[in-house]
Ligand SMILES: [Zn+2]
Ligand SMILES: [Zn+2]
């Protein structure tokens, strides 16, 4: 399909889509190396690859940044902390009293 005769096969870290640029990303699904969002999109179209790990939230490529990753991580971290906190309160306090102290939602 897109076999580039000028691609120096020795350079294994080049983008596997355009073969021109050093790769910066790796497809989470099939581990294909890519250099840019454009090449990721092209790879996904060519190979029919979803480009996402199973169970991962779908984020449009154009909108996905490292900040999204961070905020996702922070959200998970926060949720985990709240669950932990609630579990600890429930374990330490009389369940009936905890229930009374809870704020109405
Ligand atoms: Zn590329
Ligand atoms: Zn892929």
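Every number in this text was worked out from the coordinates using simple rules, so none of it is lab data. Fair warning: this is a prediction, and the values are worked out from it, not measured in the lab. Positions of Cβ are generated from backbone atoms using ideal geometry, with glycine treated the same way; all protein chains shown enter the neighbour counts.
Listed peptides 74-87, 22-35 appear in the order 22-35, 74-87 once ranked by packing, highest mean of other Cβ atoms within 10 Å at the front. With a ≥ b ≥ c taken as the square roots of the eigenvalues of the C-alpha gyration tensor of region 8-47, please select rounded if a/c is under 1.5 and otherwise prolate if a/b is larger than b/c or oblate if it is not? Taking the square roots of the gyration eigenvalues as a ≥ b ≥ c, region 8-47 is prolate.
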